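The values are calculated or read from the model by the stated rules, or taken from the named source; none is laboratory data. Note that the coordinates shown come from a computational prediction; the quantities given were computed from them, not determined experimentally. Methodologically, a virtual Cβ is constructed for each residue, glycine included, from the backbone with ideal geometry; neighbour enumeration extends over all protein chains shown.
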Amino acid sequence: MARDIVSEIPWEAPESAQYRLLQGDDIVGSGELRLQEADGDLLVRQTFEFPELQVKDTVSVEVDPQTLRPRTVKRAIDGPEGKRECQATYEAGDVTIEQTAKDDKRTDKLNVPPQHYDSWSDLFLWRTIEFFEGQELEYVDVGTCPLAKPDVGAALLRVKGVEQVAVPAGTFEAWRLEFKAEGGTQKAWYADDARRTLVRYDNGDLVFELESID
């Protein structure tokens, strides 16, 4: 279960991809997945905005650029109820997660095995595996900075095959991946090309559809 799954790095940083976010047939927000260099490491960032809810959610993970092993995570949620912030720091087999919201503060510390990944980098991590039909990988996923309690668990990733996917950015031949963890099943489609852009993602609540990539 505790293993490395990175096969090759398909991107060149900086990179920015924009998505529309849907619930059913309704567009409820927008998202951006961004890659950029940061003092020798790689910063993978997700930003989501939901205009009707007046909520902005930003998560940044600093990772090793070759292994994608996490170093720090920062999350900030701005909304009508105020600001919620979280920071996770990985050190020597542990991760410490500090969360603050209004007058509340919480600290959790979890043990992690040497081979692990942070769940907030999963959408980037999945681009790096070897794609072939029937490929199946297990790894340790660390859930830092969730709205619930942080945890460490087993994740199962399967490559199902190539499908044609139509999104605002165009029509793509894309590999469909299925991800299973304690939170349920998620699906992701990655372009069948050297760049392996995420073109569609269904986390069970929201669907991301690619609009553009820079």
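Laid out as a table, the results:
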quantity: Which numbered condition W175 fails, given (1) on the phi > 0 side of the Ramachandran plot; (2) crowded, with 21+ Cβ neighbours inside 10 Å; calculated: (1)
quantity: So G134, is it touching a Gly at 6+ places or on another chain (Cβ under 9 Å), more than 30 Å from P80 (Cβ to Cβ) and not polar (S, T, N, Q); calculated: yes
quantity: Identity of the residue in the stretch 71-102, touching a strand residue (DSSP E or B) at 6+ places or on another chain (Cβ under 7 Å) and assigned to a loop (DSSP other than H, G, I, E, B), that ends up farthest from V140 (Cα to Cα); calculated: K102
quantity: Residue match in the stretch 142-149 (condition: in contact with a Phe, Trp or Tyr (Cβ under 6 Å, 6 or more places away or on another chain) and either under 19 Å from L22 (Cα atoms) or modelled with pLDDT of 95 or more (or both)); calculated: no
quantity: Residues that are charged (D, E, K, R), more than 21 Å from D41 (Cβ to Cβ) and exposed (fewer than 14 other Cβ atoms within 10 Å of the Cβ), drawn from the stretch 91-124; calculated: K102, D103, D104, K105, R106, K109
quantity: Qualifying residue in the stretch 2-19 (condition: in contact with a helix residue (DSSP H, G or I) (Cβ under 8 Å, 6 or more places away or on another chain), aliphatic (A, V, I, L, M), closer than 28 Å to P80 by Cβ and touching a residue at least 12 places away in the same chain (Cβ under 8 Å)); calculated: no
quantity: Lone unmet requirement of (1) without any contact (Cβ under 8 Å) to a residue 40 or more places away in the chain; (2) surrounded by fewer than 18 Cβ atoms within 10 Å (Cβ to Cβ); (3) in contact with an Asp or Glu (Cβ under 8 Å, 6 or more places away or on another chain); (4) not aromatic (F, W, Y) for P80; calculated: (3)
quantity: Close pairs (7 angstrom Cβ cut-off, 6 or more residues apart or separate chains): within 23 Å of D151 (Cα to Cα) and crowded, with 17+ Cβ neighbours inside 10 Å in the stretch 181-199, of a type in the set (S, T, Y) and modelled with pLDDT of 95 or more anywhere; calculated: A188/Y201
quantity: Sole exception among (1) farther than 21 Å from A38 by Cα; (2) touching a Cys at 6+ places or on another chain (Cβ under 6 Å) for C86, by number; calculated: (1)
quantity: Tabulated pairs, the stretch 117-128, first closer than 16 Å to A154 by Cα, second part of a helix (DSSP H, G or I) and modelled with pLDDT of 95 or more, C-beta under 7 angstrom, 6+ apart or interchain; calculated: Y117/L125
quantity: Given (1) surrounded by fewer than 16 Cβ atoms within 10 Å (Cβ to Cβ); (2) under 24 Å from N111 (Cα atoms), index of the condition R69 fails; calculated: (1)
